[in-house]
Amino acid sequence: MTVHLHWFLPTGGDGRTLVDRHAYTSHSADLARPVKGVRPPDIEYLAQIAKAAEQLGFEAVLTPTGTWCEDAWLTTVALAQHTERLRFLVAFRPGVISPTLAAQMAATYQRITRGRLLLNVVIGGDSTEQRRFGDHLDHDRRYARTDEFLSVVRGVWSGRPYDFDGAHYQVEGGLTAVPPDPLPEIFFGGSSAAAGPVAARHADVYLTWGEPPEQVKEKVDRIRALAEREGRTVRFGIRLHTISRDASAEAWSTAHRLLDDLDTDTIAAAQTALGRSESVGQQRMLALHGGSRDRLEISPNLWAGVGLVRGGAGTALVGSHAEVADRIEEYHALGIEHFVLSGYPHLEEAYWFGEGVIPDLAARGLLPPTTATGGSPLLVAGGR
């Protein structure tokens, strides 16, 4: 089992600090107000990142979904015209689109891009955010609906008329006239009791945020057991930020600089907002640091500082290239195959990782032999 490396497209904005699109937009009519040091996610900049990721040997890039980022489907199909091999892990929300239409969109995407689509299912952990998209179901019912949604998608992809009669969807003769080839693999995350069985039934890759290895192992063991009961095999992935440098001290200096502009009030406000999330995974992220700047290295080379102000993935691998490679090898030994990575700013950090860590991983035999900086990566189909 080799390691599959993926990068991130910051369609909510980028820069040299911990930013989301909130940093350069307001709730007024001026929604494109520039802020010093923040890079808007225009197509030219995102194309730079996508091209760099492809050149460096990343197999795919994750594109988030939500109010404060550009639409993932439209952005990535545009970026496919700027790249040749790179795949796109498109995040989308079941429940705000018909499953038959989603299946058709995926099939069209595969034909346009010649098979470069992967799907990241995002159930959503913020009721306020969900209501913006017209979704008023509570947390557990969103997972129940997703169970039905993915059943319909896979049924419609069969190429034969498909009927489904559930609590949330009733489909008669659902059909994708020309099914996608290959079928997009489905990445799926969720730490709650409601999430596990749905992942076991539908996920090709179960994706967790970057918790310490012992906690990740517990998740892997639990989801693997649930999948075995369903007669399925699920692969595993992890979502992490990275700060990799030639020397460990330099990497840690960069990590600490990311927090320099964050005062106590800013962190407290972010923690209050994140604390309202219904996401069990988000609550697990918050528990790693408790809102405090103290003891942010929660495991060797695993730093929880990002999660002080950023929702979703809140931990980073920090250290020398060899130390970061050590941690990836440690997670890989637990059964983690897919690593979905990011860093601030995403263009520069892609090069730090690609030129520093990827050759080390290749030397350890963890990457396909064609994956190397500037080479042609071996591509296989598999949040923010």
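Computed quantities for the displayed model
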| item | result |
| --- | --- |
| Check on residue 125, in contact with a strand residue (DSSP E or B) (Cβ under 9 Å, 6 or more places away or on another chain) and either outside any helix (DSSP H, G or I) or among the basic types (Lys, Arg) (or both) | no |
| Qualifying residue in segment 71-78 (condition: part of a helix (DSSP H, G or I) and buried (at least 22 other Cβ atoms within 10 Å of the Cβ)) | yes |
| Residue that is farthest from residue 39 (Cα to Cα), among those in segment 84-101 that are out of contact with any Pro (no Cβ under 7 Å at 6 or more places or on another chain) and open to solvent by less than 10 Å² (accessible area, probe 1.4 Å) | 99 |
| Lone qualifier among 152, 205, 220 - being modelled with pLDDT of 95 or more, more than 24 Å from residue 281 (Cβ to Cβ) and open to solvent by less than 30 Å² (accessible area, probe 1.4 Å) | 152 |
| First in segment 97-119 and more than 11 Å from residue 153 (Cα to Cα) and modelled with pLDDT of 95 or more, second anywhere and in a helix (DSSP H, G or I) and among the aliphatic types (A, V, I, L, M), Cβ under 8 Å, 6 or more apart | 109/77; 112/77; 112/80; 113/77; 113/80; 116/80; 117/106; 119/106 |
| Single condition residue 107 does not satisfy, out of (1) in contact with a Phe, Trp or Tyr (Cβ under 7 Å, 6 or more places away or on another chain); (2) open to solvent by less than 10 Å² (accessible area, probe 1.4 Å) | (1) |
| Every pair of residues 6+ apart whose Cβ atoms lie under 9 Å, when the first sits in segment 238-254 and is of a type in the set (Phe, Trp, Tyr) while the second is modelled with pLDDT under 95 and crowded, with 17+ Cβ neighbours inside 10 Å | none |
| Residue 304 vs. criteria modelled with pLDDT under 95, open to solvent by less than 10 Å² (accessible area, probe 1.4 Å) and hydrophobic (A, V, I, L, M, F, W, C) | no |
| Check on residue 118, touching a strand residue (DSSP E or B) at 6+ places or on another chain (Cβ under 8 Å) and not basic (Lys, Arg) | yes |
| Check on residue 211, out of contact with any Cys (no Cβ under 8 Å at 6 or more places or on another chain), assigned to a helix (DSSP H, G or I) and among the charged types (D, E, K, R) | no |
| Given (1) out of contact with any His (no Cβ under 9 Å at 6 or more places or on another chain); (2) open to solvent by less than 40 Å² (accessible area, probe 1.4 Å); (3) charged (D, E, K, R), number of the condition residue 323 does not satisfy | (2) |
| Test: residue in segment 173-186 that is out of contact with any strand residue (DSSP E or B) (no Cβ under 9 Å at 6 or more places or on another chain), under 30 Å from residue 285 (Cβ atoms) and either of a type outside the set (A, V, I, L, M) or open to solvent by 40 Å² or more (accessible area, probe 1.4 Å) (or both) | no |
| Residue ID - least open to solvent (accessible area, probe 1.4 Å), chosen from residues in segment 329-358 that are in a helix (DSSP H, G or I) and of a type in the set (D, E, K, R) | 349 |
| Residues of segment 223-264 satisfying the condition of being assigned to a loop (DSSP other than H, G, I, E, B), of a type outside the set (Ser, Thr, Tyr) and open to solvent by 30 Å² or more (accessible area, probe 1.4 Å) | 230, 231, 232, 246, 247, 260, 261, 263 |
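The values are calculated or read from the model by the stated rules, or taken from the named source; none is laboratory data. Every value quoted in this text rests on a predicted model; they were computed, and no experiment measured them. Positions of Cβ are backbone-derived with ideal geometry, glycine not excepted, and every protein chain shown enters the neighbour counts. In case anyone asks, the SASA skips ligands and DNA or RNA and just uses the protein heavy atoms, side chains included. Shrake-Rupley method; radii C 1.70, N 1.55, O 1.52, S 1.80 Å.
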